[in-house]
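The values are calculated or read from the model by the stated rules, or taken from the named source; none is laboratory data. Bear in mind the structure is a predicted one, so any value in this text is a computation, not a measurement. Positions of Cβ are generated from backbone atoms using ideal geometry, with glycine treated the same way; all protein chains shown enter the neighbour counts. With ligands, DNA and RNA removed, areas are computed over all heavy atoms of the protein, side chains included. Shrake-Rupley method; radii C 1.70, N 1.55, O 1.52, S 1.80 Å.
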Amino acid sequence: MIRKAVVPAAGFGTRFLPASKSQPKEMLPIVDTPTIQYVVEEAVASGIRDILMIIGRGKRAIEEHFDRNFELEEELREKGKTEELRLLRRISELANIHFVWQKELRGLGDAVSCARDHVGHEPFAVLLGDTVMESTRPVTRQLMELYESRRESVVALEEVERSRVGRYGVIKGEPLTDALWKITGFVEKPTVEEAPSNLAIAGRYVFPPDIFDCLARTGTGKNNEIQLTDAMRLLISMQPMCGLRFEGERYDIGNKLDFIKTNVAFALRRPDMASELKDYMRTLLASETGRS
Ligand code: UTP
């Protein structure tokens, strides 16, 4: 049974500078809720209560967000703002959230290896702190169910346009069904010519604890970082791994354009702002068309 989730959130966020200079990109809001809260909510909706966040310098705001703020609660109580108070209390009661520091930012693989002591000898889920999933069935739940039936690592896969493969880790594999792939290899950020497929690793994984030994044996790779995909390559030399083209939509807020798109998409689904936003967008687009 999978009881624990690891959320890497220590990265520099260089693609989001200057906003990420002194605040974590994982705290950037999607409408009114920090990105990382959606990630925690997905883990909780998947049945996980024990969440370990990997953080580092400049990421204290994440800790504070999930902690209680008694002064603010008192202030809201005094002002009779009961709905805001309920929202605030809910955040700190979502799950048992733990934090560990990645002392040197040596890449995603290194971040995951910081979870070793906390995870111990259990299978666990990994949810990237800058990636939000929208789905009817939580994506992590979809992976967990597969792990439980197949007893092998599972990775979320997303079909991407061929021209964009260079932004992702891409798999090599054989289809078992329409949605399920047996993974036989990985290429990190390939050129269009190098890419063995257009199926990208989409920020959600379920691993057995054996991944930690693989990470310990993985040296620095591309960009001088310890790459999670290099450790996964080692893992598939010893045991099977599958990929699931999950049901749902992935939003990566780590780059500016996708962040804006995510905000627009989520805001358009909010009954309190959708209609006004649509009117605004229509007017804006009409005036832009007039200008061009
Ligand atoms: P990214 O590669 O998107 O994050 O990692 P980054 O390194 O912060 O981004 P750029 O390229 O500089 O803009 C995906 C997730 O893994 C975490 C990040 O915080 C992000 O949530 N991460 C990445 C770590 O925790 N530690 C690392 O060393 C690298």
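How many of the residues in segment 201-214 are buried (at least 21 other Cβ atoms within 10 Å of the Cβ) and under 21 Å from the mean Cα position of the chain (by Cα)?
Step one: filter segment 201-214 for residues buried (at least 21 other Cβ atoms within 10 Å of the Cβ), giving 201-207, 211, 214.
Restricting the remaining residues to those that are under 21 Å from the mean Cα position of the chain (by Cα) gives 201-207, 211.
Counting residues in segment 201-214 that are buried (at least 21 other Cβ atoms within 10 Å of the Cβ) and under 21 Å from the mean Cα position of the chain (by Cα) gives 8.
Are there any strands (runs of 3 or more DSSP E) wholly within segment 105-189 with 3 or more residues that are closer than 14 Å to A200 by Cβ, and if so which?
153-159, 169-175, 180-188
Quick one: in segment 220-232, of everything that is assigned to a helix (DSSP H, G or I) and open to solvent by 20 Å² or more (accessible area, probe 1.4 Å), which residue is nearest to the ligand (Cβ to nearest atom)?
N223
Return a yes/no flag: does segment 85-95 have any residue that is at pLDDT 95 or above and either in a strand (DSSP E or B) or open to solvent by 90 Å² or more (accessible area, probe 1.4 Å) (or both).
No, segment 85-95 contains no residue that is at pLDDT 95 or above and either in a strand (DSSP E or B) or open to solvent by 90 Å² or more (accessible area, probe 1.4 Å) (or both).
Can you pull out every residue in segment 233-261 that is out of contact with any helix residue (DSSP H, G or I) (no Cβ under 7 Å at 6 or more places or on another chain) and outside any loop (DSSP other than H, G, I, E, B)?
Across segment 233-261, the qualifying residues are R233, I236, G243, R245, E249, R250, L257, D258, F259, I260, K261.
Across segment 30-55, what is the number of residues that are more than 8 Å from the ligand (Cβ to nearest atom), assigned to a strand (DSSP E or B) and without any contact (Cβ under 8 Å) to a residue 60 or more places away in the chain?
4
Which one of the conditions (1) open to solvent by 40 Å² or more (accessible area, probe 1.4 Å); (2) more than 24 Å from V119 (Cβ to Cβ); (3) in contact with a Leu (Cβ under 9 Å, 6 or more places away or on another chain) does R217 fail to meet, given that it meets all the rest?
It is condition (2) that R217 fails.
What number of residues within segment 59-71 are open to solvent by 70 Å² or more (accessible area, probe 1.4 Å) and either under 10 Å from L88 (Cβ atoms) or outside any helix (DSSP H, G or I) (or both)?
Looking only at that region, the number is 2.
Could you tell me which numbered condition V264 fails, if it satisfies all but one of (1) crowded, with 16+ Cβ neighbours inside 10 Å; (2) within 20 Å of the chain's Cα centre (by Cα); (3) at pLDDT 95 or above; (4) assigned to a helix (DSSP H, G or I)?
That leaves (1) as the condition not met.
Mind checking which pairs have a first residue in segment 104-132 that is under 15 Å from K59 (Cβ atoms) and a second that is among the basic types (K, R) and within 8 Å of the ligand (Cβ to nearest atom), Cβ under 6 Å, 6 or more apart or different chains?
D130/K25
Go over the candidates L235, L244 one by one and state the one that is in contact with an Asp or Glu (Cβ under 9 Å, 6 or more places away or on another chain) and more than 14 Å from the ligand (Cβ to nearest atom). Walk me through how you get there before you give the answer.
Values: L244 fails: in contact with an Asp or Glu (Cβ under 9 Å, 6 or more places away or on another chain).
Answer to the selection: L235.
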